[in-house]
Amino acid sequence: MLIVQKFGGTSVGDLDRIQNVANRVSETKKAGHDVVIVVSAMSGETNKLVRYAEHFSPNPSKAEMDMLLSSGERVTASLLSIALNEMGHIACAMTGRKAGIVTDTAHTKARIENINPKIMKSAIKDGKIIVVAGFQGVNENGDVTTLGRGGSDLSAVAIAGALKADLCEIYTDVSGIYTTDPRIEPKAKKLNKISYDEMLELASLGAKVLQNRSVELAKKLNVNLVTRTSFSHEEGTLITKEENIMEKPLVSGIALDKNQARISLVGVKDRPGIASDIFTKLSNSDVNIDMIIQNKAHDGTTNIDFTVPTNEINDAKAVVDTFVESGDISADSYNDKICKVSVVGVGMKSHSGVAARAFSTMAEENININMISTSEIKISMVIDEKYAELAVRSLHNAYELDK
Ligand code: ADP
Ligand code: ASP
Ligand code: MG
């Protein structure tokens, strides 16, 4: 078999853990498999580099950030390769560029455009263990790019797809996908299987155990994806097609996203095209809008509220300011002390009352809901950040996910 194994930050968090990873990789290789390894930076390293940059500038160039942040993964890739060679294997570390990962030019959140697997394929043919630095690629100008936070998951899935690997294993610090973050609710249950669509919702709604774009790509390329822990040999969770799952629970999981901010625009001129003007400009500035609420005010203007990822507030504010200056908006305010809790499950498609239960659970806990959005398989609510953990635990209990 050809297996792609990705090891996250905690799994390579110190030198002993890198040795532990080398031992595991060695086991897989000795069992007769071809392996391609993808690694993250040591845990905390990427955040440390972000802080270093912020020491010099509140708004550093995104291209320079990519040069900086991509270095963390190169450190672990080379250390792991050195450890494997010392154990008698023939290993070689590769940057994203050498692995043939070509992206667009959107620095700090680049999309993979294609992978040229030629160099990787010839190394595999020579019996080598390839260790790829995750989270990075190269754009058409030859500049290094990064794939967004958590992007090593995407590197692994994309490489598994390009090499037509039999399996892509994501090794992390929990033993699989749980009904909710086990660090918030210790009663959370590990799932044996979950569908691509449910996993994509959970990941997009804040469950950072897998980066959402990696799940999207795994679904598209039909990659066999397994999440498991690098600290034991316990079986993990298979992420697979919905038809491969016999038992379809009503609700599969609860997700929490604290990385959300609410932007309120007051006194917005009520004319056709205004929403289009504002949101087109935001999108041109690469701001990702999530929920939107619009209300008519008494004076004939409207109020528009929407949510964005916290780290995009500055970019959003720059756009909003231009409308405030032109008089199209009379006031704006920003609140990053909010969070989004979501209930996810394919079973909701065919059942009613799931949303009502979520709302009454919040009511019983006296938690005010600020915004709501729903789709076929999810219900999301924006609430004050101070209630985040309480809301997750209450919902987990209300849908009996610990049973
Ligand atoms: P890595 O560094 O290996 O990429 P991450 O920190 O990105 O690991 O993701 C693993 C973390 O995801 C876990 O430690 C856990 O706290 C969190 N998490 C959130 N939601 C879930 C969930 N539903 N199931 C499992 N882990 C979850
Ligand atoms: N090191 C990067 C991050 O912390 C990428 C990753 O770990 O997947 O976001
Ligand atoms: Mg991660």
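Inter-label distance, Ala363 to Ser350: 2.9 nm, where each label sits 7 Å from its Cα along the C-beta direction. Extension gain for Lys403-His233 works out to 58.7 nm (0.36 nm per residue, less the C-alpha to C-alpha distance).
The distance between label points at Lys296 and Glu64 comes to 5.0 nm (points 7 Å beyond Cα on the Cα→Cβ vector). Label zone of Leu15 (point 7 Å out along Cα→Cβ, amide N under 17 Å): in segment 52-96 this covers 75-87.
For the Cα trace of segment 247-379, dividing Rg by the Kirkwood Rh returns an Rg/Rh value of 1.04. Taking 0.36 nm per residue of separation and subtracting the Cα-Cα distance, full extension of the segment from Asp321 to Asn116 would add 69.5 nm.
With R₀ set to 51 Å, the beta-carbon distance separating Asn23 from Leu390 gives a calculated FRET efficiency near 0.80.
Computed from the Kirkwood radius of its Cα pairs, the Stokes-Einstein diffusion coefficient for segment 103-168 at 37 °C and 0.692 mPa s stands at 264 µm²/s. Which GluC sites (Glu not before Pro) in segment 157-264 pass both tests, a DSSP loop state and at most 10 other beta-carbon atoms within 10 Å? Qualifying residues, ordered by number: Glu234, Glu247. The gain in end-to-end length when the Asp143 to Met87 segment is fully stretched comes to 16.7 nm, 0.36 nm per residue minus the alpha carbon separation. Just so you know, the Cα atoms of segment 199-316 work out to an Rg and Dmax of 19.7, 64 Å.
Once you reduce segment 49-103 and segment 183-231 to the center of their Cα atoms, the two points are 25 Å from each other. Calculated from the alpha-carbon coordinates, segment 41-168 shows an Rg and a Dmax of 14.9, 47 Å respectively.
The simple spin-label model puts a point 7 Å past each Cα toward its Cβ; for Lys281 and Ser330 those points are separated by 1.9 nm. In straight-distance terms, cross-link reach from Lys48 covers every one of the aspartates and glutamates whose alpha-carbon lies under 19 Å from its own, apart from those fewer than eight places away in the same chain; here that gives Asp14, Glu64, Asp66, Glu73. Among the trypsin sites (Lys or Arg not before Pro) found in segment 339-371, not one is both in a DSSP coil and sparsely packed, with 14 or fewer other Cβ atoms within 10 Å of its Cβ. For Arg17, neighbours were defined as the other residues whose beta-carbon sits under 14 Å from its Cβ, and their charges (Lys and Arg +1, Asp and Glu -1) total -3.
Dividing the radius of gyration of the alpha carbons in the chain by their Kirkwood radius gives 1.00 for Rg/Rh. Estimated from helices alone, the mean residue ellipticity of the chain at 222 nm is -11000 deg cm²/dmol (sum of -39500 (n - 2.57) over DSSP H runs with n ≥ 4, per residue).
Evaluated over the Cα positions of segment 144-270, the convex hull gives a direction-averaged projected area, one quarter of its surface, of 11.8 nm².
No value in this document is a laboratory result; all are computed from the given coordinates. These numbers were taken from a predicted model, which means no experiment stands behind them. So basically every Cβ, Gly included, is an ideal-geometry build from the backbone, and we count neighbours across all protein chains shown.
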